[in-house]
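Just so it is clear, none of the values below were taken in a lab; they were calculated from the coordinates. These numbers were taken from a predicted model, which means no experiment stands behind them. Cβ coordinates were reconstructed from backbone atoms using ideal geometry, including for glycine residues, and neighbour counts include every protein chain displayed.
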Amino acid sequence: MSVTRFGISLESPLLKRFDRLINKKGYASRSEAIRDLIRDSLVTEEWKSDNTETVGTITLVYSHDTRELNDNLNDIQHHYHQLVISTTHIHLDGHNCLEVIIVKGKSEDIKAVADRLIGIKGVKHGKLTATTTGKRLK
């Protein structure tokens, strides 16, 4: 793969802040940090296209004491079985659980299942983390 060099102009205070950030995160160079920012923007754009195959995780924290919550979570996951790749369930303490659901499919479908799961009564916190299959990133 060929590499193209290009210049970028930044105000000094912005560059200093950026350099501190990339140092804190352990990037080897400004170029690698900028490549990462570009990739992140491209992934965000992928998720705006409803027909692109994407992947992500849906993370839920909930109380297992909530009546019928486990049944509701399972029912929704079974309804969207074609999207659910894997589920990990962890008991955080005597009452709270963490569930991470790995999903793959069209972004609009993943958003729909995430919204349904996060919106169930008894879910204390939920978050969809969107990423990419990597097929479109070179």
query: Being of a type in the set (Gly, Ala, Ser) and outside any helix (DSSP H, G or I), is that true of even one residue in segment 61-72?
result: yes
message: Tell me yes or no: at least one residue of segment 35-57 is farther than 30 Å from residue 118 by Cα and outside any loop (DSSP other than H, G, I, E, B).
response: yes
- prompt: How about segment 112-138: which of its residues are closer than 25 Å to residue 39 by Cα, without any contact (Cβ under 8 Å) to a residue 60 or more places away in the chain, surrounded by fewer than 17 Cβ atoms within 10 Å (Cβ to Cβ) and within 14 Å of the chain's Cα centre (by Cα)?
  reply: 134
- request: For residues that are within 24 Å of residue 129 (Cβ to Cβ), exposed (fewer than 12 other Cβ atoms within 10 Å of the Cβ) and not basic (Lys, Arg), tally how many sit in segment 1-31.
  value: 2
message: Looking at residue 134 and the list (1) more than 15 Å from residue 55 (Cβ to Cβ); (2) assigned to a loop (DSSP other than H, G, I, E, B); (3) not basic (Lys, Arg), which single condition is not satisfied?
response: (1)
field: segment 62-74, residues that are closer than 17 Å to residue 113 by Cβ and either touching a residue at least 24 places away in the same chain (Cβ under 8 Å) or surrounded by 15 or more Cβ atoms within 10 Å (Cβ to Cβ) (or both)
entry: 62, 69, 70, 72, 73
- prompt: Identify, please: which residue in segment 43-55 is surrounded by 15 or more Cβ atoms within 10 Å (Cβ to Cβ) and in contact with a helix residue (DSSP H, G or I) (Cβ under 6 Å, 6 or more places away or on another chain) and is, among those, nearest to residue 133 (Cα to Cα)?
  reply: 54
